[in-house]
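What follows is a single structure, written as structure tokens, with notes after it.
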Amino acid sequence: MATIEATLQQVRVRIARACAEAHRDVQSVTLLAVSKTFPAAAVRQAVAAGQRDFGENYVQEALVKMAELTDMREQVRWHLVGPLQSNKTREVAAAFDWVHSIDRLKIAQRLSVQRLPAMRPLQVCVQVNIGGEAGKSGVSPDAVGPLAEQVARLPNLCLRGLMSIPEPSADPLAQRAPHRRLHELLASLNDRGLRLDTLSMGMSADLEAAVLEGSTIVRVGTAIFGQR
Ligand SMILES: *Cc1c(COP(=O)(O)O)cnc(C)c1O
């Protein structure tokens, strides 16, 4: 089995090639290693190989892992990419650096109240159901503007941009379409006066398509840590 150091390197090469094709600076894309279901030891190996940003889906699992990795707290940034219920916001506000999955005002308000002012503001993205698929998390594209404007005004949070998890597709051109729509949505919010710089889009199977459409954070699990 390939080591985490080796798989991380492969993913970095994929990002670099896509950036070259898109005429983008490789520094403009952050690799977020999604470590959900993998143990603290796997995160430790990735940190040893130079990885700094880690994504988790389940709050409880993340808190246990973080407790095993407190010696690395200054070296890593923790991102919540999974759904967030209101009864978990206090723990999230205290432990995470980023939340990518804001989908209603109430959650953002609770995070804002519960984030300690002594901490750096919590960096957040609004999750968009870009394909408008029934039963999928995220706000519909028409509802993003009003929600983003309200979230942007909350203290102790910093609204950075948008996140989406489009329907998987094996066709590279079809993969690009939802990423392009998310980019256009971000541009339209900036035209309305917001200042957003983050597109959290692209995973193991479609990170090249996402980088070609302007992704600034790719969230990669399987290609780094293996099958879950
Ligand atoms: C699991 C997950 C990922 C990583 O997916 P892979 O296909 O394993 O790269 C990215 N984003 C979110 C929100 C996830 O839940």
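The values are calculated or read from the model by the stated rules, or taken from the named source; none is laboratory data. If you're wondering where the values come from, they're calculated on a predicted model, not measured in any experiment. Heads up, the Cβs are rebuilt from the backbone with ideal geometry, glycines too, and the neighbour counts pull from every protein chain shown. Ligands, DNA and RNA are excluded from the accessible area calculation, which covers all protein heavy atoms including side chains. Shrake-Rupley method; radii C 1.70, N 1.55, O 1.52, S 1.80 Å.
A compact table of results
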{"item": "Under 11 Å, Cβ to Cβ, from GLY221 - net charge with Lys/Arg +1 and Asp/Glu -1", "result": "+2"}
{"item": "Of every Cα-Cα pair in segment 1-150, the percent that sits beyond 24 Å", "result": "42"}
{"item": "Spin-label proximity, GLU74 to segment 81-106 - amide N less than 20 Å from point 7 Å beyond Cα toward beta carbon", "result": "95-98"}
{"item": "Dipole in debye (nearest 20) - the chain, about Cα centre, beta carbon charges: Lys, Arg +1; Asp, Glu -1", "result": "500"}
{"item": "The chain - percent of accessible surface contributed by carbon and sulfur, probe 1.4 Å", "result": "53"}
{"item": "Per residue, in Å², the accessible surface of the chain once ligands and nucleic acids are set aside, probe 1.4 Å", "result": "47"}
{"item": "Centre separation in Å (Cα based) which lies between segment 166-205 and segment 122-146", "result": "11"}
{"item": "Span from the segment 212-228 Cα centroid across to the segment 45-103 one, whole angstrom", "result": "16"}
{"item": "26 Å Cα-Cα reach of LYS106 towards lysines, excluding residues that sit fewer than 8 places from it in its own chain", "result": "LYS36, LYS88, LYS136"}
{"item": "Rounded accessible area of MET203 (nearest 10 Å², 1.4 Å probe)", "result": "80"}
